[in-house]
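Only one structure is covered here, and it is reproduced in the block below.
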Amino acid sequence: VYFTHYENEGSMLGIARLGTDGSLSLNASVAATDAGLQLLDANGDVIFVVVGGSGIAQYDCADAAQLLGVTPVMGNPLRIRFNETTAYAPLGYAGLARIPLALSK
């Protein structure tokens with residue numbers, strides 16, 4: 001389970017893992033930015049978040065969240081969809097962001 005929250009360090013990414021026996025463990029949160037942070041979606045262990053309304057960041061969350069890259073965007077995406085090679089994020093009047101999934105692995 002991936003989630004965002006705010007602490008003194010700024011906007012944080014959190015990961016809660018569900019064990020096969022139903023147990024819940026909480027990984028340490030990772031400071032992502034001092035700007036706003038919005039979780040879009042996940043594609044496997046890679047999550048996509050909007051940073052400050054002007055970029056889409058990819059984090060590998062197989063263990064602790066690790067930044068893979070940031071794609072600047074002209075509009076604030078509200079959703080993201082995936083195919084085998086690309087993530088697509090509609091940006092309203094600003095068009096469509098196409099993000100290669102090769103960035104993520």
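Rounded to the nearest 20 debye, the dipole magnitude of the chain is 400 debye, with +1 charges on Lys and Arg beta carbons, -1 on Asp and Glu beta carbons, and the Cα centre as origin.
Can you give the local net charge around Ala35? Use residues other than it whose beta-carbon is closer than 15 angstrom to its beta-carbon, Lys and Arg +1, Asp and Glu -1.
The answer is -3.
Counting only protein heavy atoms and a 1.4 Å probe, the chain has 58 square angstrom of accessible area per residue. Take 3-15, 48-60 and order them by the average number of nearby Cβ atoms within 10 Å per residue, most first; the result is 48-60, 3-15. For the pair Val1 and Leu26 in one chain, pulling the backbone fully straight at 0.36 nm per residue adds 8.1 nm over the alpha carbon distance. Label positions at Leu101 and Leu68, each projected 7 Å from the Cα along the C-beta direction, are separated by 0.9 nm. With the simple spin-label model, which puts each label point 7 Å out from Cα in the Cβ direction, the Asp60 to Thr86 separation comes to 2.4 nm.
Just the number, please: carbon plus sulfur as a percent of the accessible area of the chain, 1.4 Å probe, no ligands or DNA/RNA counted. Heavy-atom surface of the chain belonging to carbon and sulfur, 1.4 Å probe: 53 percent. Electrostatic bookkeeping for Ile15 treats Lys and Arg as +1 and Asp and Glu as -1; over the other residues with beta carbon under 14 Å from its beta carbon, the sum is -2.
The values are calculated or read from the model by the stated rules, or taken from the named source; none is laboratory data. Everything numeric here is computed off the predicted structure, so don't read it as measured data. When we count neighbours, we look across all protein chains shown, and the Cβ atoms used for this are built from the backbone with ideal geometry, even at glycine. Protein only, heavy atoms only, side chains kept; ligands, DNA and RNA dropped before computing areas. Shrake-Rupley method; radii C 1.70, N 1.55, O 1.52, S 1.80 Å.
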